[in-house]
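Here the structure comes first, spelled out in structure tokens, and everything after it is commentary.
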Amino acid sequence: MVRLVIASIVGGVIVFGWGAAAHMALPLGKAGWASLPDDTRLIESLKQAAPNSGMFMIPARDFEKVYTAEEEASLMAKYKQGPFAIVAYTAEGIDPMSPRNFVTEFLSGVLAAGVAALALSMVTASYLKRAGVVALFALFAWLSQSVSYWNWYRFPTDYIVAEGITEVVGWLLAGLALAKIVPVPRVSQSPV
């Protein structure tokens, strides 16, 4: 149990450190992002249109409403005409580099490393294969979540690819440490 806790912390530190390097020292953190030439008008419009925090789709869709065929067709026409946007909106503003953000990011990495360490405690394989299993967890998560965001919500391809690289490389590095720390389970020779 102690080794799983140690592996969780070490894995969390590695993923947090790699994430910081990938976002600050490499171009991965900038991939897919763009700046608006004049965001002042948009900010003022958002303050009026969305007084409360939430996640919004533009054109707006009321997920509580049952649309008639005509209303659905009109909405689909708006989507096809464009523009289309998904907005994660915080009305009261944020501190983008708050201690809370860093602590939450670190703790999520520690918890994820704990899950990976627990899984590795059940895997009987070579060191590199066990490290690869952790990288495969990251690839699985990226394919099941991020690629869906790219597909359905049109997240930029550059952003999604950079996220995949960041996650898989980070968890491969963590996996190299986890595979060293977490013992290989003993295989019992019980009769079948």
Only Cα pairs under 8 Å and at least 6 apart count here; give the relative contact order of segment 47-133 as a rounded whole percent. 33
In square nanometres, what is the average projected area of the Cα convex hull of segment 28-140? 12.3
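Given a cut-off of under 8 Å on Cα pairs at least six residues apart, what relative contact order in percent is computed for segment 131-192?
Details: 36 pairs, mean separation 31.2, N = 62.
Dividing the mean separation by the residue count of segment 131-192 yields 50 percent.
Expressed as a whole percent, how much of the Cα-Cα distance distribution for segment 114-186 exceeds 16 Å? Write down the numbers at each step before the final one.
Values: 1279 of 2628 pairs.
Summing the P(r) of segment 114-186 above 16 Å gives 49 percent of all pairs.
Stokes-Einstein diffusion coefficient for segment 81-127 at 4 °C in a medium of 1.567 mPa s, Rh from the Kirkwood formula over Cα pairs: what value in µm²/s?
Numbers: Rh = 14.6 Å.
Result for D is 89 µm²/s.
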What value, in deg cm²/dmol to 500, does the helix sum -39500 (n - 2.57) over DSSP H runs of n ≥ 4 give at 222 nm once divided by the residues of the chain? -20000 deg cm²/dmol
Quote the relative contact order of the chain in percent (integer), defining contacts as alpha-carbon pairs under 8 Å separated by 6+ residues. 39
Charge-dipole axis of the chain as Lys and Arg at +1 and Asp and Glu at -1 on Cβ define it, positive-most pick from 52, 27, 118: 118
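How many lysine pairs in the chain, separated by 8 or more positions in sequence or lying on different chains, have Cα atoms less than 23 Å apart?
Details: 47/78; 65/78; 65/80; 129/180.
Lysine pair count for the chain: 4.
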Output the 0 to 90 degree angle, nearest 10, between the alpha-carbon long axis of helix 157-181 and the longest principal axis computed from the alpha carbons of the chain. 20
Exposure proxy check on 106, 84: fewest-to-most Cβ neighbours within 10 Å is 84, 106
Cα centroid distance between segment 113-179 and segment 58-89, in Å? 34
Report, in debye and to the nearest 20, how large the dipole of the chain comes out about its Cα centre when Lys and Arg carry +1 and Asp and Glu carry -1 on their Cβ. 900
Karplus (6.51, -1.76, 1.60) ³J(HN,Hα), θ = phi - 60°, over segment 35-49, in Hz, Gly and Pro reported as x: 10, 7, x, 8, 8, 4, 5, 5, 4, 5, 5, 5, 4, 7, 6
Quick one: if you take sqrt(5λ) for each eigenvalue of the C-alpha gyration tensor of the chain, what semi-axes come out, biggest first, whole angstrom? 41, 21, 16
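Read-outs throughout are calculated quantities, based only on the coordinates presented, and are distinct from any laboratory measurement. The structure presented is a predicted model; accordingly, all values stated were derived computationally and were not measured. Every residue, glycine among them, receives a Cβ derived from its backbone with ideal geometry; neighbour counts consider all protein chains shown.
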